[in-house]
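The values are calculated or read from the model by the stated rules, or taken from the named source; none is laboratory data. Everything numeric here is computed off the predicted structure, so don't read it as measured data. Note: ideal-geometry Cβ built from the backbone for every residue, glycine included; neighbour counts use all protein chains shown. Note: accessible area is taken over every heavy atom of the protein model, side chains too, but ligands, DNA and RNA are not part of it. Shrake-Rupley method; radii C 1.70, N 1.55, O 1.52, S 1.80 Å.
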Amino acid sequence: VWNDCDTVFIVREVSVVMPPIALFTVPASVQSCNQAQVQVENTSSNVQSYQWFFPGGNPVSSTAFAPLVTYTTSGSYPVVLIASNPMASDTLTQTVEVSILTFPVANWTYNDLPGGTSVAFQFTGADAVLYSWDFGDGSPLSMEANPVHTFPSGNGTYQVRLQVINTCGASVLEQV
């Protein structure tokens with residue numbers, strides 16, 4: 001301000017705080033053996049504090065910038081972020097689909113077929129993707145789930161081995 005006699009001025013600091021914007025990404029779906037880990041990618045802006053909630057996860061909540069969450073059960077889980085600054089808060093919720101895969105189980109039964117040398121094998125295990133049957137008689141391996149095998153003629157005892165595989169591992173069962 002000024003006039004003919006003098007000039008006066010005042011300097012004041014002005015603080016401008018933009019409202020927070022909660023923004024993050026998580027995978028839409030995750031598959032894993034035993035437990036699944038989900039890494040949050042935080043892209044929020046104008047935020048001074050974070051409050052995360054992970055129902056069904058470990059940890060259940062966090063104040064970290066970009067937490068890592070572990071799930072041990074298959075399901076659909078919400079991921080909630082409340083982003084805050086002195087002016088306001090903003091909330092965003094997203095969902096992650098978790099599939100916990102199981103270890104395969106090798107198990108089988110068999111039935112003698114008419115004629116005396118052929119046997120029908122039936123896979124009775126669980127969660128197998130690949131099968132490898134060794135009939136113990138020197139014949140090539142079978143990769144079928146439920147093979148029919150013809151053993152050499154005559155009496156004999158054979159060690160039959162089934163190995164099953166999935167993305168979590170392998171399981172073997174041998175029976176005479």
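Which residue out of GLY56, GLY115 is outside any strand (DSSP E or B), in contact with a strand residue (DSSP E or B) (Cβ under 8 Å, 6 or more places away or on another chain) and open to solvent by 30 Å² or more (accessible area, probe 1.4 Å)?
Result: GLY56 is the single residue among GLY56, GLY115 that is outside any strand (DSSP E or B), in contact with a strand residue (DSSP E or B) (Cβ under 8 Å, 6 or more places away or on another chain) and open to solvent by 30 Å² or more (accessible area, probe 1.4 Å).
Would you pick out the residues in segment 80-108 that are open to solvent by less than 70 Å² (accessible area, probe 1.4 Å), assigned to a strand (DSSP E or B) and among the polar types (S, T, N, Q)?
SER84, GLN94, SER99
Pairs under 8 Å by beta carbon, first residue outside any strand (DSSP E or B) in segment 146-173, partner surrounded by fewer than 17 Cβ atoms within 10 Å (Cβ to Cβ) and among the charged types (D, E, K, R), six or more apart or different chains?
Sorted first by the residue in segment 146-173, then by its partner, the pairs are PHE151/ASP137; PRO152/ASP137; GLY156/ASP137; TYR158/ASP137; GLN159/GLU174; CYS168/ASP127.
Taking GLY75 as the residue in question, decide whether it is without any contact (Cβ under 8 Å) to a residue 60 or more places away in the chain, touching a Gly at 6+ places or on another chain (Cβ under 8 Å) and open to solvent by less than 30 Å² (accessible area, probe 1.4 Å).
Yes; evaluated as a whole, the condition is true for this residue.
Tell me the residue from PRO59, PRO55 that is out of contact with any helix residue (DSSP H, G or I) (no Cβ under 7 Å at 6 or more places or on another chain), touching a residue at least 12 places away in the same chain (Cβ under 8 Å) and either among the polar types (S, T, N, Q) or within 30 Å of GLU97 (Cα to Cα) (or both), please.
PRO55
Need pairs with beta-carbon distance below 6 Å; first residue under 16 Å from TRP108 (Cβ atoms) and within segment 128-142, second surrounded by fewer than 20 Cβ atoms within 10 Å (Cβ to Cβ) and β-branched (Val, Ile, Thr); sequence gap 6+ or separate chains.
Filtered contacts from segment 128-142: LEU130/ILE165; PHE135/VAL160; GLY136/VAL160.
Inside segment 1-24, can you point out the residues that are open to solvent by 70 Å² or more (accessible area, probe 1.4 Å), within 30 Å of SER76 (Cα to Cα) and not in a loop (DSSP other than H, G, I, E, B)?
ILE21
Quick grid of which residues meet (1) under 29 Å from VAL30 (Cα atoms); (2) exposed (fewer than 14 other Cβ atoms within 10 Å of the Cβ); (3) touching a helix residue (DSSP H, G or I) at 6+ places or on another chain (Cβ under 6 Å):
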site: ASP127; (1), (2), (3): yes, no, no
site: ASP134; (1), (2), (3): no, no, no
site: GLY138; (1), (2), (3): no, yes, no
site: SER171; (1), (2), (3): yes, no, no
